[in-house]
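Notes follow once the structure below has been shown.
The values are calculated or read from the model by the stated rules, or taken from the named source; none is laboratory data. Quick caveat: nothing in here was measured; it's all calculated off a predicted structure. Don't worry about glycine lacking a Cβ; one is built from the backbone with ideal geometry, like all the others, and counts go over all protein chains shown. Heavy atoms of the whole protein, side chains included, go into the accessibility calculation; ligands, DNA and RNA do not. Shrake-Rupley method; radii C 1.70, N 1.55, O 1.52, S 1.80 Å.
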Amino acid sequence: MVTLSELQHVTQGRWLTKPNENLHIRYIFSDSRKTYGVAHGAFFAMRGTKHNAHAHVDEVYAKGIRIFIVEEEIYVKANDAAILLVPNTLFALQQLAAYHRKKFTLPVVGITGSNGKTIVKEWLYQVLADRFSIVKNPGSYNSQLGVPLSVWQIQAHHTLGIFEAGISLPGEMQKLEKIIQPTLGIFTNLGSAHDEGFTSREEKLKEKLKLFEHCDTLVYCNDAPFNKTEIDKLTCKKFTWGNETNNDVVIQKDKNGLSVTYDKQTTFIELPFADAASIENTGHVIATLLFFQTPLSSLQQYIQQLRTVPMRLQVKAGINNSIIIDDSYNNDLAGLAMSLDFLNHQNQRKTKHLILSSLLQASREKIHWIQEAIRTIQSFKIDFVTLIGKEWQEEINSLPPQWKIVTSTESFLQELKEEDYANRVLLIKGARSFQFEKIVKHFEQKIHGTVLEIDLNALVDNYNYFKSLLNPGTKMMVMVKAFAYGSGSVEIANILQYHRVDYLGVAYADEGVQLRKNNIQLPIMVLNPAAESFQTMLDYALEPEMYSFKILSDYLQFLNGKKGNIHIKIDTGMHRLGFAPKEIDLLSEVLKAHPHIKVISVFSHLAGSDESKHDAFSHQQAKTFLDAANQLTKQLGYKPLYHLLNSPGLLRFPGYQFDMIRLGIGLYGIDPTENKNPNIQPVATLKTVVSQIHHLQIGETVGYGRHGKIEKETVTATLAIGYADGYSRAFSKGIGEVLINGKMAKVIGNVCMDMMMVDVTGLHVKEGDEVEIYGKHYPIEAVAKKINTIPYEILTNTSERVKRIFISAGI
């Protein structure tokens with residue numbers, strides 16, 4: 001722990017309130033939403049372009065935090081808080097972390113590069129955990145904020161640190177080097193990631209290598225295509241690996257694995273994967289293992305342990321109306337708090353249940369780890385806790401009423417009563433050796449092998465990007481209609497609620513009811529209300545759009561004097577729904593005659609905002625809307641919110657933001673404009689698997705109607721997806737393509753209801769291989785173009801029988 005006098009000395013800050021000298025800093029928080037009440041917690045109030053944590057200091061104080069580091073002069077109502085004013089809170093945190101790091105003499109591995117940092121770090125943790133007590137970044141906490149939070153975790157019992165560092169601008173690595181202070185460096189590779197932040201690739205290389213300016217030894221691949229001159233300038237020792245014999249470690253690939261030569265001895269290693277990125281990452285791991293004097297004969301057992309483990313949390317639908325958060329391959333203290341915070345913000349079910357394994361690290365750490373784990377769990381509002389592993393039993397004398405200990409995974413599964421876990425959110429978090437994937441498999445809904453992966457981190461990045469385009473004070477409504485464009489409305493709404501979006505929009509009342517039943521409290525506008533749903537909307541606090549005198553009259557008659565909130569749609573040229581501008585005077589009279597009705601917003605919809613050829617019409621729509629909205633406001637005597645822009649509208653007409661914008665398809669990673677925006681990331685990846693391989697001869701046929709005619713020796717793969725899953729029959733007969741093992745394979749014959757066949761001749765495909773229908777490697781825009789449609793249709797056509805898996809780094 002750090003004393004308050006140390007904090008003031010390190011940061012050169014000024015106390016705004018007299019500090020209580022009994023306070024010490026043990027836990028650090030920088031996000032008010034992720035702060036929980038613990039003794040000796042400190043909150044660093046960060047200020048960004050679109051957020052200011054100083055506005056949430058009272059909220060953090062109410063959670064129990066008493067130490068605040070701020071860059072604005074603020075005060076809390078009580079007098080027991082210690083508030084330190086510094087010029088920049090992020091820099092103060094970095095200073096504190098660097099000071100903390102200097103207290104320890106343990107060896108520290110520092111990793112940087114364009115790709116592979118997180119994988120190499122996690123794999124090193126897996127293979128070295130039996131020899132060292134390791135501290136590392138949780139997830140991919142490798143930024144200017146993430147690195148100091150990671151290094152702060154170092155404690156006296158740790159014997160090795162493994163930290164990754166990522167940068168996007170010049171001048172950043174020097175700060176991270178002072179915090180990490182690596183003794184051993186690993187440079188993974190140099191690629192295109194974050195090129196936009198540097199004048200050249202050469203400048204980026206120089207900046208990344210600053211991490212190793214004071215380390216003793218640097219591990220890198222000599223075969224990698226970057227300028228080695230800059231590495232030669234470093235004064236540290238070099239420990240190289242590569243294909244040539246002049247390297248410290250010679251690693252040569254053949255079709256079955258790797259030949260590894262070190263210190264005049266050679267061994268052969270079979271690999272559990274075949275892709276080039278994993279092989280490169282394995283090379284870094286092998287070289288580091290040998291640097292740590294691992295016997296050559298032991299390499300195979302270590303490498304065989306490696307697998308392409310999910311590095312992020314996965315949210316899945318479970319049996320008995322449960323929700324599963326799958327974190328079954330990772331259990332360390334740093335990640336525990338992150339995972340528990342993620343659990344706490346899953347409001348789809350009211351009851352939260354943690355299933356946690358012990359750590360199985362060295363005995364000298366066991367007591368400390370268990371004490372810290374229990375303290376961390378108790379800081380969160382978790383309803384039920386199941387602890388698995390005999391280590392818990394050995395160290396814990398008494399348990400709270402809703403906690404229990406089970407000695408092993410096998411015992412848990414044998415004693416399991418499924419009904420006890422119904423209607424709960426289950427966080428399943430365990431060390432790999434406990435094989436918690438068996439527990440996940442038991443609870444998971446049994447649906448076929450086709451899944452739609454939703455990258456929640458990419459979704460939040462998209463949300464933040466669009467939010468960064470807003471003028472100060474402009475609100476945002478996010479459309480979660482049509483099952484959130486096929487992505488899963490409840491889960492998406494839950495994330496948006498966590499990130500404090502202003503409004504949600506749905507197409508029909510039953511979509512809004514589903515959100516309310518899953519604890520979504522945000523205001524919700526219903527675009528297509530029906531008279532039979534009025535009572536439901538009133539019961540669930542849903543706000544209907546009024547677009548005609550008929551629907552308005554029906555609603556007024558239903559309310560019969562009761563209060564109600566509505567949204568007025570004006571037709572400015574779309575000619576779908578809405579009051580015509582010439583009807584505004586009559587509409588105003590009706591609304592003034594019913595003062596119990598409050599108009600929350602007035603809005604319209606641009607018909608051609610995605611195409612420049614319609615720009616003149618879009619400008620005319622905006623003028624028509626503003627004139628009509630102002631006319632209505634004048635006659636009402638109060639001003640509702642104005643909103644006109646959708647996703648392409650915000651990108652192309654930012655001057656028409658008014659009071660609120662409506663974000664739809666852009667959130668889900670699709671830019672419908674002509675100029676594709678590199679800041680918008682794909683969110684959805686539709687995947688399936690190869691069910692069977694067929695070797696066919698000339699003259700044979702494939703599929704219904706025998707439309708797939710074999711004209712040469714052909715290998716086909718049957719995939720577990722069909723038009724009932726949303727893959728249209730229009731893709732039949734060679735029009736559609738899918739991605740298998742990095743290669744495109746054409747559809748052969750007709751797409752069936754539940755399956756389809758593709759030509760994989762020469763692609764070395766086997767049963768069980770993963771297939772990407774669309775996603776990060778095969779854009780949905782390219783898929784839509786194949787059948788002359790739009791990405792909206794492809795995304796929303798994905799059937800609800802396709803399992804959605806929500807992936808997160810702990811948002």
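Okay, here's what the table says:
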read-out	value
Subset of segment 592-621 [out of contact with any Leu (no Cβ under 6 Å at 6 or more places or on another chain), in a helix (DSSP H, G or I), touching a residue at least 40 places away in the same chain (Cβ under 8 Å) and of a type outside the set (Ser, Thr, Tyr)]	592, 617, 620
Per-region count, segment 80-124, residues of a type in the set (S, T, N, Q), open to solvent by less than 20 Å² (accessible area, probe 1.4 Å) and farther than 30 Å from residue 191 by Cα	1
Residue 686 being of a type outside the set (Ser, Thr, Tyr), touching a residue at least 60 places away in the same chain (Cβ under 8 Å), open to solvent by less than 10 Å² (accessible area, probe 1.4 Å) and assigned to a helix (DSSP H, G or I)	no
Unique match (being of a type outside the set (A, V, I, L, M) and surrounded by fewer than 17 Cβ atoms within 10 Å (Cβ to Cβ)) among 61, 75, 36	75
Any hit, segment 439-452, residues being in a strand (DSSP E or B) and within 20 Å of the chain's Cα centre (by Cα)	yes
Residues that are within 24 Å of residue 660 (Cα to Cα) and in contact with a Phe, Trp or Tyr (Cβ under 9 Å, 6 or more places away or on another chain), drawn from segment 514-534	515, 516, 522, 523, 524, 525, 526, 527, 528, 529
Pick from segment 302-329, criterion of a type in the set (A, V, I, L, M) and either open to solvent by 30 Å² or more (accessible area, probe 1.4 Å) or in a helix (DSSP H, G or I) (or both), ranking: modelled with the highest pLDDT	303
Selection from segment 39-52 of residues that are touching a helix residue (DSSP H, G or I) at 6+ places or on another chain (Cβ under 7 Å) and either at pLDDT 90 or above or open to solvent by less than 10 Å² (accessible area, probe 1.4 Å) (or both)	43, 44, 45, 46
Odd one out for residue 268 among (1) in contact with a Gly (Cβ under 8 Å, 6 or more places away or on another chain); (2) open to solvent by less than 20 Å² (accessible area, probe 1.4 Å); (3) in a strand (DSSP E or B)	(2)
Members of segment 659-683 that are open to solvent by 10 Å² or more (accessible area, probe 1.4 Å) and either in a strand (DSSP E or B) or of a type in the set (A, V, I, L, M, F, W, C) (or both)	662, 680
Top-ranked residue of segment 504-563 - restricted to ones that are at pLDDT 95 or above, in a helix (DSSP H, G or I) and among the hydroxyl-bearing types (Ser, Thr, Tyr), ranked as least open to solvent (accessible area, probe 1.4 Å)	555
Residue within segment 579-590 that is open to solvent by 60 Å² or more (accessible area, probe 1.4 Å), more than 21 Å from residue 630 (Cβ to Cβ), modelled with pLDDT of 90 or more and charged (D, E, K, R) present	no
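So that you can scan it fast, the table gives a plain yes or no per residue for (1) modelled with pLDDT of 80 or more; (2) hydrophobic (A, V, I, L, M, F, W, C); (3) touching a Leu at 6+ places or on another chain (Cβ under 8 Å); (4) assigned to a helix (DSSP H, G or I):
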{"residue": "272", "(1), (2), (3), (4)": "no, no, yes, no"}
{"residue": "278", "(1), (2), (3), (4)": "yes, no, yes, yes"}
{"residue": "281", "(1), (2), (3), (4)": "yes, no, no, yes"}
{"residue": "285", "(1), (2), (3), (4)": "yes, yes, yes, yes"}
{"residue": "290", "(1), (2), (3), (4)": "yes, yes, yes, yes"}
{"residue": "293", "(1), (2), (3), (4)": "yes, no, no, no"}
{"residue": "297", "(1), (2), (3), (4)": "yes, no, no, yes"}
{"residue": "300", "(1), (2), (3), (4)": "yes, no, no, yes"}
